[in-house]
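Here is the structure we will look at, set down as structure tokens.
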Amino acid sequence: MQRIVPTTSDRAAGDDVTQAESRTEQLPLWRIGITGGLVGIMCCVGPTVLALLGLVSAGTAFVWANDLYDNYAWWFRLAGLAVLAALVWLALRRRNQCNVAGVRRWRWHLAAMVAIAIGTYAGLYAITTWLGTFA
């Protein structure tokens, strides 16, 4: 049996939106922010994960991370920013809000996504730097 969900045009003005429907209206703040921050710091996290898995030595991972961070850090940061922008665009596009009015409507959510991405980047940078002291 097929369940029919009324659209916004089918609802009366006084109808409440169910919790499941309102959840689909929200932007996935945490997933987008963490993904953008993780891609931005992948230059340090990648070699660290390889060392923690035992695939490379700690010294090799330290050298790779320093080389990647010193020479390509801005490329990784730009990639993280591009991933963040693409995911925001996709999320707004799914909600038919990919316009100036939609950005204004979601501006606090978008600011939270950027803050989460920066926090993820800073946290992972601190952890990888701390782990680098043991190499």
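The values are calculated or read from the model by the stated rules, or taken from the named source; none is laboratory data. Bear in mind the structure is a predicted one, so any value in this text is a computation, not a measurement. Positions of Cβ are generated from backbone atoms using ideal geometry, with glycine treated the same way; all protein chains shown enter the neighbour counts.
Kindly evaluate Leu87 against the criterion of being touching a residue at least 40 places away in the same chain (Cβ under 8 Å) and closer than 30 Å to Trp106 by Cα.
When the stated conditions are applied, Leu87 passes them.
Just checking, which of Ala65, Ala79, Ala112 is touching a residue at least 12 places away in the same chain (Cβ under 8 Å) and under 13 Å from Gly33 (Cβ atoms)? On inspection, the qualifying residue turns out to be Ala112. Keeping to the stretch 9-48, report how many residues are modelled with pLDDT under 90, out of contact with any helix residue (DSSP H, G or I) (no Cβ under 6 Å at 6 or more places or on another chain) and in a helix (DSSP H, G or I). Total meeting the criteria: 7.
Looking across the stretch 43-52, the residues that are under 19 Å from the mean Cα position of the chain (by Cα) and surrounded by 17 or more Cβ atoms within 10 Å (Cβ to Cβ) come down to Cys43, Cys44, Val45.
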